[in-house]
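Quick notes on the structure that follows.
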Amino acid sequence: MVSVVQNVAIDCSDAFALAEFWCQVTGHPQHAEDGPGAEETQVLVPGGPVLHFNQVPEPKTVKNRVHLCLQPDSSRDEEVGRLLAIGATVVADRRETDGTGWVVLADPEGNEFCVLRSAAERAATE
């Protein structure tokens, strides 16, 4: 027997607003029935688990123990710039001088995620 990952649940103070940020990150929509004020909403990521946002009363207080790692279609640095422009913030810059590494960002509610190198960038250093 095995289990299938159905969704990745993210606790937040404003489910709809945070899901809107992640819609811009992934380029995929929220569930059609979700709207402003929804206490739960989902970003529908084809071929991957759904991002499920749960509105909770308590704020985030410590570092995430589970986080998303993103591999962009564009370069890592271009994607970091795009995500900063839509509301992400830098938590830690782990880029190395040889082009390897990643950047740890936070979404507008402080949830950490990583931006890795693109497949093309990885292939160029192998």
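Values computed for the structure shown
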item: Selection within the stretch 37-75 - of a type in the set (A, V, I, L, M, F, W, C), outside any strand (DSSP E or B), surrounded by 14 or more Cβ atoms within 10 Å (Cβ to Cβ) and touching a residue at least 24 places away in the same chain (Cβ under 8 Å); result: none
item: Check on ARG94, under 24 Å from ALA19 (Cβ atoms), surrounded by fewer than 16 Cβ atoms within 10 Å (Cβ to Cβ), among the charged types (D, E, K, R) and at pLDDT 95 or above; result: no
item: Single residue of the stretch 97-126 satisfying the filter (among the β-branched types (Val, Ile, Thr) and open to solvent by 50 Å² or more (accessible area, probe 1.4 Å)) that is modelled with the highest pLDDT; result: THR97
item: Residues of the stretch 95-118 satisfying the condition of being in a strand (DSSP E or B) and touching a helix residue (DSSP H, G or I) at 6+ places or on another chain (Cβ under 8 Å); result: VAL103, LEU105, VAL115
item: Residue under evaluation GLU78, criteria (1) under 30 Å from ALA38 (Cα atoms); (2) in a helix (DSSP H, G or I), criterion not met; result: (1)
item: Search result, residues across the stretch 1-12 that are open to solvent by 80 Å² or more (accessible area, probe 1.4 Å) and of a type outside the set (A, V, I, L, M, F, W, C); result: SER3, GLN6, ASP11
item: Pair list, Cβ < 6 Å and 6+ apart or interchain, from the stretch 85-99 residues that are under 11 Å from CYS114 (Cα atoms) to residues that are open to solvent by 50 Å² or more (accessible area, probe 1.4 Å); result: ARG94/TRP102
item: The stretch 13-36 - residue that is in contact (Cβ under 8 Å) with a residue 60 or more places away in the chain and assigned to a helix (DSSP H, G or I) and, of those, most open to solvent (accessible area, probe 1.4 Å); result: GLN24
item: Unmet requirement for ALA92, which otherwise passes all of (1) more than 17 Å from ASN111 (Cβ to Cβ); (2) part of a strand (DSSP E or B); (3) of a type in the set (A, V, I, L, M); result: (1)
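The values are calculated or read from the model by the stated rules, or taken from the named source; none is laboratory data. Since the structure is predicted, the reported quantities are computational estimates derived from the model, not experimental observations. Glycine also receives a Cβ, built like all others from the backbone with ideal geometry; neighbour counts cover every protein chain displayed. Side chains included, ligands, DNA and RNA excluded: accessible areas come from the protein's heavy atoms. Shrake-Rupley method; radii C 1.70, N 1.55, O 1.52, S 1.80 Å.
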